[in-house]
Amino acid sequence: MIEWLVYWFMFPACIGIVSFAMMLGIDGTAILTPSVILLFPLLSVPTVSPAQAVTVGLFTEFFGFLSGVLGYRTQGLIDYKVGIRLAAFAVPTIVAASLLAQFSPALFLKLAFGVLMVGLAVYLSVTAKTTVRDSHLSAVPPSVESIPRKNESDDETVIRTASGDEYRYRVCDRTRGELVCAVGSAFEGMISVGLGELVMPDLVRRCKIPISVSAATSVFVMAVAVFAGSVTGMLSLAARGGASSLPWNLLLFTVPGAVIGGQVGSRAQGVLSSLTMERLIVVIFAIIGVSFLYVSTTGLVR
């Protein structure tokens, strides 16, 4: 018998977590998935395995990204040519990583979570001064403008939005963009974090795509990739333990909470400066990573 209301507290918690994450310009699961793995054992509620938590995170954030895609599509901001090209690298990578996560021991997955989160924190701290995570920025920082253009495309892309704005640019360094997308997808499949944190800023910094178009295109790529990763995780869980192995009673509260939180947080984005946002993200990721390393190494000693 499924206890449908046991995770009722995750509805308001998810609204708050995702709102805060969206305000910082990161995926809501960057905080949601670690919270489920680390805090549930401390509460008087049924725990879920790290693999289940990652699947819940991917499935939950898909709905947030789907809402974003529909909004950006209406605005006409998505560069589908770039998005489909990146998705071709993202989908097979996230599927492989999701399978690895599903069949990895819980202790290994916690250790991987810690290592990857600390790695993300270090990378983001190095690139903090060139952050462009806030999609409402009207112009990129001078430090971004100074990054040289490499392998610039011969063809000019023209994006005309529904509001009448026009963006003209030549995509640069596509190979690097595809590599970054593949790395981010591997992170996303393993720990449900990383794709959005890496792809959107790189599209602006290295590929030289305008901020608004980069934000819209990265959301399109993430929606496609996260859908593939979540379906992979759900099918894997169902194949090993049947439909009951999927934590439906948790999804019942995380999905609507994330959708509401995504709308609230997106409206609050821009309250903090981009540099402040990036520094907060680094601190949060470092704390989460160290917490997982502590928990996993303690488990190894025992």
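Leu120 meets all of the listed conditions (1) surrounded by 15 or more Cβ atoms within 10 Å (Cβ to Cβ); (2) under 13 Å from Val213 (Cβ atoms) but one, namely (2).
Anything in the range 34-68 that is of a type in the set (A, V, I, L, M, F, W, C), over 24 Å from Arg240 (Cα atoms) and under 14 Å from the mean Cα position of the chain (by Cα)? List them, or say none. Within the range 34-68, Phe63, Phe65, Leu66 qualify.
Within the range 128-160, can you find the residues that are touching a Ser or Thr at 6+ places or on another chain (Cβ under 8 Å) and either touching a residue at least 60 places away in the same chain (Cβ under 8 Å) or of a type in the set (A, V, I, L, M) (or both)?
Restricting attention to the range 128-160, the residues satisfying the condition of being touching a Ser or Thr at 6+ places or on another chain (Cβ under 8 Å) are 129-135, 137, 141, 143-144, 147, 151.
Lys129, Thr130, Thr131, Val132, Arg133, Asp134, Ser135, Leu137, Pro141, Val144, Ile147, listed by residue number.
The number of residues in the range 12-40 that are among the small types (Gly, Ala, Ser) and free of Cβ contacts under 8 Å to residues at least 60 places away in the same chain comes to 1. A Cβ distance below 8 Å, combined with a sequence gap of six or more or placement on separate chains, defines the contacts here; from the range 58-70, residues that are at pLDDT below 90 reach residues that are of a type in the set (Val, Ile, Thr) and not in a helix (DSSP H, G or I) in the pairs Val69/Ile78.
Has the range 158-166 got at least one residue that is touching a strand residue (DSSP E or B) at 6+ places or on another chain (Cβ under 7 Å), part of a loop (DSSP other than H, G, I, E, B) and surrounded by fewer than 22 Cβ atoms within 10 Å (Cβ to Cβ)? Quick ask: steps written out before the conclusion?
From the range 158-166, those touching a strand residue (DSSP E or B) at 6+ places or on another chain (Cβ under 7 Å) are 158-160, 166; that's our starting set.
Still in the list and also part of a loop (DSSP other than H, G, I, E, B): none.
No; the residues of the range 158-166 include none that is touching a strand residue (DSSP E or B) at 6+ places or on another chain (Cβ under 7 Å), part of a loop (DSSP other than H, G, I, E, B) and surrounded by fewer than 22 Cβ atoms within 10 Å (Cβ to Cβ).
Restricting Leu120, Leu99, Leu116, Leu109 to residues that are in a helix (DSSP H, G or I) and more than 23 Å from Ile26 (Cα to Cα) narrows the list to Leu99. Scanning the range 22-40 for residues that are in a helix (DSSP H, G or I), buried (at least 24 other Cβ atoms within 10 Å of the Cβ) and of a type in the set (Gly, Ala, Ser) yields a single hit, Ala30.
Report yes if some residue within the range 167-179 is of a type outside the set (Phe, Trp, Tyr) and part of a strand (DSSP E or B); otherwise report no.
Of the residues in the range 167-179, the ones of a type outside the set (Phe, Trp, Tyr) are 168, 170-179.
Next cut, part of a strand (DSSP E or B) only: 168.
Taking every residue of the range 167-179 in turn, at least one turns out to be of a type outside the set (Phe, Trp, Tyr) and part of a strand (DSSP E or B).
The residues of the range 180-231 that are closer than 17 Å to Ile147 by Cβ and either out of contact with any helix residue (DSSP H, G or I) (no Cβ under 9 Å at 6 or more places or on another chain) or not in a helix (DSSP H, G or I) (or both), listed by number, are Arg206, Cys207, Lys208, Ile209, Pro210. Out of everything in the range 41-50 that is free of Cβ contacts under 8 Å to residues at least 40 places away in the same chain and part of a loop (DSSP other than H, G, I, E, B), what residue ends up being nearest to Ser192 (Cα to Cα)? The residue in question is Thr47.
If you check Val231, Val264, Val213, Val204 for being modelled with pLDDT of 95 or more and either surrounded by fewer than 19 Cβ atoms within 10 Å (Cβ to Cβ) or more than 20 Å from Thr29 (Cα to Cα) (or both), only one passes: Val231. Among the residues of the range 51-84, the ones that are surrounded by fewer than 24 Cβ atoms within 10 Å (Cβ to Cβ) and under 21 Å from Ser104 (Cβ atoms) come to 2 in all. Given the condition farther than 30 Å from Arg279 by Cα and surrounded by fewer than 22 Cβ atoms within 10 Å (Cβ to Cβ), answer yes or no: does some residue in the range 178-195 qualify? Scanning the range 178-195 turns up no residue that is farther than 30 Å from Arg279 by Cα and surrounded by fewer than 22 Cβ atoms within 10 Å (Cβ to Cβ). For Val264, indicate whether it is closer than 16 Å to Val18 by Cα and of a type in the set (A, V, I, L, M, F, W, C). Judged against the criteria, Val264 is a match.
Total residues in the range 232-278 satisfying the condition of being assigned to a loop (DSSP other than H, G, I, E, B) and under 18 Å from Phe62 (Cα atoms): the figure is 2.
The values are calculated or read from the model by the stated rules, or taken from the named source; none is laboratory data. Computed from a prediction, not measured in an experiment: that's the story for all the values here. Positions of Cβ are backbone-derived with ideal geometry, glycine not excepted, and every protein chain shown enters the neighbour counts.
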